[in-house]
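Here's the structure we're looking at; comments come further down.
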Amino acid sequence: MTASSDRPIVFSGAQPTGQLTLGNYMGALRTWVRMQQDYDCIFCVVDLHALTVRQDPAQLRHHIFELTALYLACGIDPEQSTVFLQSHVAAHSELAWLLATFTQMGELERMTQFKDKAQQHQLNINAGLFTYPVLMAADILLYQTQRVPVGEDQKQHLELTRDVAVRFNGLYGPVFRVPEPLIGTDGVARVKDLQEPSKKMSKSAASELARVMLLDEPEAIVKKFKKAVTDTLGVIQYDEVNQPGVANLLNIWCAATGHSREEALNHFSHNQYGKLKMETAEAVNYLLQPIREKFLENINNQELLLKILTKGAAKARVRADQTLEKVWESIGLPIARR
Ligand code: ATP
Ligand code: LTN
């Protein structure tokens with residue numbers, strides 16, 4: 001391993017809006033864990049983003065610790081990577097304000113996540129929900145990030161981040177590094193909802209059967225896969241358009257076992273859906289078992305979790321402030337060193 005300053009910088013985050021799903025793991029977390037070896041990784045618990053949907057204070061606090069414990073249980077190593085809570089580093093909010101003045105309303109109006117969430121939360125379409133992608137751009141640009149490993153649903157936000165960075169640099173010189181998204185390199189770019197396989201599996205899906213949580217008990221996982229929606233064609237082949245449920249199960253089986261799609265099709269070619277469902281459930285249980293065990297080891301040690309976040313924030317703050325000062329200077333604001 002080389003010194004951290006020589007390695008390309010990676011930034012990513014997840015919202016403390018509930019336990020992680022298999023989608024979060026296969027689309028993002030698993031890639032994060034692998035990247036730690038070769039990259040200078042910064043992983044954030046993005047609590048300020050979670051506030052765009054109304055949160056119960058006690059539950060939010062619980063979710064913050066739970067997500068931190070899940071990061072560790074998945075294999076994020078706070079000695080190797082920087083792990084911190086977004087609200088602990090003020091520069092995120094500060095840069096978000098500045099970047100909002102370089103982002104057009106029309107650009108934000110086009111964001112599909114905004115349109116979806118506005119639809120889901122019609123009584124609370126707050127301005128934060130609208131400017132959410134600007135805060136995300138600030139998260140990424142503060143650290144001169146090179147790679148951003150995310151699920152496919154975040155692609156549009158990444159494109160906006162790049163556009164804002166290029167626009168700013170065009171006006172003031174090379175202040176920000178323009179980041180590259182990394183989508184679905186080590187898993188599935190978009191794990192689908194088990195009940196409505198046209199949609200992505202989401203933490204906030206209405207039906208419990210729709211999503212597999214990393215901390216689900218093995219029996220619950222078997223039940224969810226058994227009840228997964230497929231189709232009436234009765235053949236196992238890979239066809240995302242006409243058989244999205246089967247394609248999703250095949251993708252999950254491949255990501256859980258490390259087999260290719262071709263191998264999956266050979267393996268299941270003469271089987272019925274029941275076998276595909278059972279074997280997928282077994283493979284997922286095998287994958288998640290060590291995560292559940294590790295989670296239980298550290299979830300009750302809140303003191304340790306807070307210590308990790310506090311230490312991570314101190315490291316992150318130094319780096320974030322360097323970029324923020326560059327931004328202030330370039331737009332003509334006198335710097336008050338902190
Ligand atoms: P919510 O459902 O509350 O909106 P979320 O699970 O979509 O939450 P995050 O917790 O912020 O959102 O997501 C963390 C990471 O997981 C992101 O990189 C996101 O792209 C990825 N991700 C989320 N859902 C999936 C999915 N179904 N398939 C692949 N990746 C996903
Ligand atoms: N918007 C992301 C979470 C997120 C993020 C980030 C991901 C906030 N800031 C910076 C990568 C980099 C989501 O909803 N999944």
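The values are calculated or read from the model by the stated rules, or taken from the named source; none is laboratory data. Everything numeric in this text was worked out from a predicted model, so none of it was measured. Cβ coordinates were reconstructed from backbone atoms using ideal geometry, including for glycine residues, and neighbour counts include every protein chain displayed. Areas reflect the complete protein model, heavy atoms only, side chains present, ligands, DNA and RNA absent. Shrake-Rupley method; radii C 1.70, N 1.55, O 1.52, S 1.80 Å.
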Legend entry - Ranked packing of 204-215, 185-196, most packed first, by mean Cβ within 10 Å: 185-196, 204-215
Inset, instruction - Measure off, as a whole percent, the carbon and sulfur share of the 1.4 Å-probe accessible area of the chain, all protein chains present. - result: 51 percent
Legend entry - Cα-centred dipole magnitude for segment 187-338, charges only on beta-carbon of K, R (+1) and D, E (-1), debye, nearest 20: 680 debye
Inset, instruction - Figure the gain on full extension for N126 and S204 (residue separation times 0.36 nm, minus the Cα-Cα span) and round it to one decimal in nm. - result: 26.3 nm
Inset, instruction - Select from T112, T31, L95 the residue farthest towards the positive end of the dipole of segment 18-139; place +1 on Cβ of Lys and Arg, -1 on Cβ of Asp and Glu, and compute about the Cα centre. - result: T112
Inset, instruction - Kindly identify segment 283-325 as rounded, prolate or oblate by the Cα gyration tensor criterion: order the square roots of the eigenvalues as a ≥ b ≥ c, call it rounded if a/c is under 1.5, otherwise compare a/b with b/c, prolate if a/b is larger, else oblate. - result: oblate
Inset, instruction - Any chance you could run the full-extension gain for E262 through T185? It's 0.36 nm times the residue separation minus the Cα-Cα distance, nm to one decimal. - result: 26.0 nm
Inset, instruction - At 1.4 Å probe size, with every protein chain present, just tell me what the per residue accessible area of the chain comes to in Å². - result: 47 Å²
Legend entry - Dipole magnitude of segment 125-197 about its Cα centre (Cβ charges: Lys, Arg +1; Asp, Glu -1), debye to nearest 20: 260 debye
Inset, instruction - Please find the FRET efficiency linking K311 to Q37, where r is the Cβ-Cβ separation and R0 is fixed at 22 Å, and quote it to the nearest 0.05. - result: 0.60
Legend entry - Span-rule helices in the chain, defined as complete DSSP H runs reaching 18 Å or more along the axis (Cα) with Kyte mean at least -0.5: 57-74, 127-141, 155-172, 244-257, 302-331
Legend entry - Ordering of 77-88, 46-57 by packing [mean C-beta count within 10 Å, highest first]: 77-88, 46-57
Legend entry - Protection proxy ranking, peptides 237-243, 118-124, 323-329, average beta carbon neighbours within 10 Å, highest first: 323-329, 237-243, 118-124
Inset, instruction - Would you grab the residues whose amide H sits under 5 Å from the one on C41? Only those 5+ places off in sequence or on another chain, please, with H modelled 1.01 Å from N. - result: V10, T82
Legend entry - Table column - 3J(HN,Hα) (Hz), segment 10-20, Karplus curve with 6.51, -1.76, 1.60, x for Gly and Pro: 10, 10, 7, x, 9, 8, x, 9, x, 4, 6
Legend entry - For the chain, share of DSSP beta bridges that run antiparallel, in % to the nearest 5: 10 percent
Legend entry - Value of [θ]222 nm, deg cm²/dmol, for the chain, DSSP H segments ≥ 4, -39500 (n - 2.57) each, nearest 500: -16000 deg cm²/dmol
Inset, instruction - Give me the distance in nm between label points sitting 7 Å out from Cα along the Cα-to-Cβ direction at T101 and D56, one decimal. - result: 4.1 nm
Inset, instruction - Only Lys, Arg, Asp and Glu count, each charged at its Cβ (+1, +1, -1, -1), so figure out the dipole size of segment 52-114 about its Cα centre, rounded to 20 debye. - result: 180 debye
Inset, instruction - Would you mind checking which residues have amide H under 5 Å from A14's amide H? H placed 1.01 Å from N; only 5 or more apart, or other chain. - result: C44, V46
Inset, instruction - Pull up all non-local amide H partners of E180: gap of 5 or more, or a different chain, and H-to-H distance under 5 Å with H placed in the peptide plane. - result: R147, V148
Legend entry - Dipole of segment 1-157 [Lys/Arg +1, Asp/Glu -1 at C-beta], most positive-end residue of T145, H157, T82: H157
Inset, instruction - Could you list, in their original order, any pairs among K199/K326; K200/K223; K199/K226 whose Cα atoms are separated by more than 29 Å? - result: K199/K326
